[in-house]
Structures are given as structure tokens and as C-alpha cells.
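Right, one structure below, let's go through it.
The values are calculated or read from the model by the stated rules, or taken from the named source; none is laboratory data. This one's a predicted model, so the numbers in the text were calculated from it and none came from an experiment. Glycine gets a Cβ as well: all are built from the backbone with ideal geometry, and neighbour counts include every protein chain shown.
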Amino acid sequence: MTALDSLRVPPELSARVPAEQRGAGRGDVRLLVSRGVEVTHRRFGDLPGELRAGDVLVVNTSMTLAAAVNGRLGGEPVVVHFSTRGEDGRWAVELRRPDGDGTTLPRPGGPAGAVVRLPGGDALVLEDPLGPREGARLWWARVPWDVPGLLRRYGRPIRYAYTERDQPLSAYRTVFAVPSPDGSGSAEMPSAARPFTAGLVAALVSRGVQFAPLTLHTGVASAEVHEPPYPERFEVPPTTAWLVNAARAGGGRVIAVGTTAVRALESAAGEDGVVRAAAGWTDLVVTPQRGVRAVDGLLTGLHEPEASHLLMLEAVAGRETLRRGYAEALAHRYLWHEFGDIHLLLPDARQVAYAPRYSSNYS
């Protein structure tokens, strides 16, 4: 159960097209700022004024893939969502039913041994479900060797029913995206970073705000079920670990840009709060019971009331902060989803000067 189970978001508050098609540009979205239970309303371009020298923004550099490809399972048309590349070369995939308007509907997963024909004469074979077989949505599949090439030729971005039309892949990539050497990437955009532009990054740097990159390749989300995320590949490099530790020891705030950045950074943080370089797979689900160790604030989109991400937001900011912020977002008609408005969660402005939770020599 999340903090917002009684909240209902009307359909008209879903952002149906990217901000640049509604206004002046990518950064032309609203910024809801929560400091404890105190809420203020800004524009995203005002972000430099909400941060201070010594703060660190942790950003996900994963590049969004054109992860949706048409296929056929026997006589049935399907859309294959390529979710995650495994260490053994297999891919976790989700099969969906085309809805006739460019979007898709859920379908039962599997069965094992099913062969899905892909464009260009390729095929994939479903092998094992991720998780319990009954009701499994994602399955491991043997696929063509050159999946990145397949996606470049025939793929398109994953699109959900609340969006108005297909968008180019560039609309789903952020200013921080960096190609992966093996062609891996995110099935769905790390969307909290979408409103950033090169000009805004420069303005933040000139204010003394630092950027710490990491990578977490996001898998396919479920717009229908809202189950917790599956294990995902991540990497926190040594330079990012150093920047985070140094900032927090010096009184700066570590603000994650998106829930993916929280998941990766917290996966690399020890119980003492020290972040160490790490890479591999994470199955961490951040909850209020687990809490956060390295993150002080969060920049994120607005999530559905049933979404498991809200447990992470509650872990960062507290239940009452979340309730107050979302009530304000509804009252002021903020927009939800990946093309929508942004929520900045910061520590309570009334609290005394920040006290580091640990010490380290960072050498």
C-alpha cells in the first residue's frame, strides 16, 4: 500500500505529447517544489534557484532504445517489448497485443517454446519466465545476435495509451544519454531528466552544482499492474562515488534525478552511508522501511497512485510530504507521466544546518 491509494488522477492530467509540442521547449514544464510539507510552484527553468553550491545532481546516462518491434506468434500479431539484456546473451521480453492505434494491450505471457517471427526474417524463442510461471509477464528469450541492429532497423519507442501519437526516438532520450558499448540501454526513458537542456546544465554548473553520472538500464514497466521493478543492470563509477561522498561530508545535498538514479546509488551505498563503486544487477526496492542511505533529495515525475515508485518517494521525503505535494499537484492541474511536470523533493527548509552522517577520507 502506498501513501496515495485514495488519490485519483483524472485522465485529462496525463501529458499526451512532449513539452516542446505544448510550449516553448523541453524545459517548458512546471516544477512542484516540496520542502517538507511546504510546497511552492515554479517553472523547471527556475531549478538553479532552488539548489545551492555544493549540491550534487546524480543523473542516469542510460540511452533509451527503440524497444518495441512488431512480430507474429503463429497467426497472432504481437508487439515485442525488449526489456533487458542478460549476461548470457538472452533478452527479457514482453509480448503485447496491438491495439490498432499504435498502442498495445497486455496479453498472457509465454508459452515456453513459442517462436515469435520478427522483421527481416529473424525470430526469437521464449524459454523461461522471470518469476513464477503462472501470470509471468516477462520471459527470457533466445534472440538474434544483433538485437541492437534489429531495434535500429525496425524498432520504435514503447508507447502507452495515454499518449496521443507515436513520437521520434529523440523525444525519449535525455541530454545525459550516452551510448553503451554493447548496445544495451533502457526500454523506457529515465524521464525525470527529460526537461534538462544544455543551457540549464551550464546554468547549474555556473552556480556550483555538480553532476555525478551513473547508469541503470531500465526494463519494461507495467502500466497495468504496477508491480515492483525486476532486477536491472547498473554501474556506479568511482568518480561518482567520490563526488557523492565528498559532497555529503562537506554539507552538500545529494539529489537523485529520477527513481532509477536512486535505485542505482542506493545499491552502491553501504549501511554506513558511504557509496562505493559498484556494477552488476540490482533487485533493490527502496521502501520507507528500508529507507535511504545516500540520497537527500529527489527530482522526479508524478506517478500513478498505485505505482511502487511512491514507496521510494516516501522513503526519501516522508508520507505527509508526499500527500501534501500530490494534493497540490492535483489542485493546480499538473501533468503526469513521462512528458509531464516535475516534482522536486528537498529536505525541510526549517531544519538546522545539514550534519554529515558519516566521515571518510575519500582517498
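Take the conditions out of contact with any Lys or Arg (no Cβ under 6 Å at 6 or more places or on another chain) and at pLDDT 90 or above and apply them to Gly100. Does it pass? It would help to see each step written out before you state the result.
Working: out of contact with any Lys or Arg (no Cβ under 6 Å at 6 or more places or on another chain): yes; at pLDDT 90 or above: no.
Considered against the rule, which asks whether it is out of contact with any Lys or Arg (no Cβ under 6 Å at 6 or more places or on another chain) and at pLDDT 90 or above, Gly100 comes out as no.
Within the range 315-336, track down each residue that is hydroxyl-bearing (Ser, Thr, Tyr) and in a helix (DSSP H, G or I). Reasoning before the result, please.
In the first step, residues of the range 315-336 are kept if they are hydroxyl-bearing (Ser, Thr, Tyr); the result is 321, 326, 334.
Thr321, Tyr326, listed by residue number.
A quick yes/no check of all residues on (1) touching a residue at least 40 places away in the same chain (Cβ under 8 Å); (2) out of contact with any Lys or Arg (no Cβ under 6 Å at 6 or more places or on another chain); (3) buried (at least 19 other Cβ atoms within 10 Å of the Cβ); (4) under 23 Å from Arg43 (Cα atoms):
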position: Ser180; (1), (2), (3), (4): yes, yes, yes, no
position: Ser184; (1), (2), (3), (4): yes, no, no, no
position: Ala193; (1), (2), (3), (4): yes, yes, yes, yes
position: Gly251; (1), (2), (3), (4): yes, yes, no, no
position: Ala256; (1), (2), (3), (4): yes, yes, yes, yes
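With in contact with a helix residue (DSSP H, G or I) (Cβ under 7 Å, 6 or more places away or on another chain), more than 25 Å from Arg248 (Cβ to Cβ), part of a loop (DSSP other than H, G, I, E, B) and not aliphatic (A, V, I, L, M) as the only criterion, which of Gly27, Gly54 stands out? Even if it seems obvious, please write down each step before you answer.
Details: Gly54 fails: more than 25 Å from Arg248 (Cβ to Cβ).
Unique residue meeting the criteria: Gly27.
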Condition test on Val225, is it out of contact with any helix residue (DSSP H, G or I) (no Cβ under 9 Å at 6 or more places or on another chain) and modelled with pLDDT under 95? yes
Result of the Cβ filter at 8 Å on the range 269-285, keeping first residues that are closer than 17 Å to Gly219 by Cα and partners that are among the β-branched types (Val, Ile, Thr), at least 6 apart or interchain, is Ala279/Val236
Can you find a residue that is more than 18 Å from Leu345 (Cα to Cα), free of Cβ contacts under 8 Å to residues at least 12 places away in the same chain and not assigned by TED's automatic domain parsing to the domain that holds Trp139 anywhere in the range 85-97? no
Tell me which residues, restricted to the range 195-209, are part of a loop (DSSP other than H, G, I, E, B) and either surrounded by fewer than 16 Cβ atoms within 10 Å (Cβ to Cβ) or not hydrophobic (A, V, I, L, M, F, W, C) (or both). Pro195, Thr197, Arg207, Gly208
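Let me confirm something: among Glu127, Glu164, which residue is more than 20 Å from the chain's Cα centre (by Cα), assigned to a loop (DSSP other than H, G, I, E, B) and of a type in the set (Asp, Glu)? Give the steps one after another, and end with the answer.
On the way: Glu127 fails: assigned to a loop (DSSP other than H, G, I, E, B).
Going through Glu127, Glu164 in turn, just one is more than 20 Å from the chain's Cα centre (by Cα), assigned to a loop (DSSP other than H, G, I, E, B) and of a type in the set (Asp, Glu): Glu164.
Condition check ((1) among the hydrophobic types (A, V, I, L, M, F, W, C); (2) in a helix (DSSP H, G or I); (3) assigned by TED's automatic domain parsing to the domain that holds Thr84; (4) crowded, with 17+ Cβ neighbours inside 10 Å) across all residues:
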position	(1), (2), (3), (4)
Val262	yes, yes, no, yes
Trp281	yes, no, no, no
Thr287	no, no, no, no
Leu310	yes, yes, no, yes
Leu313	yes, yes, no, yes
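Test of understanding: among Ala212, Ala171, which residue is touching a residue at least 24 places away in the same chain (Cβ under 8 Å) and either assigned to a helix (DSSP H, G or I) or within 14 Å of Met63 (Cα to Cα) (or both)?
Values: Ala212 fails: either assigned to a helix (DSSP H, G or I) or within 14 Å of Met63 (Cα to Cα) (or both).
Step by step, each of Ala212, Ala171 is checked, and only Ala171 is touching a residue at least 24 places away in the same chain (Cβ under 8 Å) and either assigned to a helix (DSSP H, G or I) or within 14 Å of Met63 (Cα to Cα) (or both).
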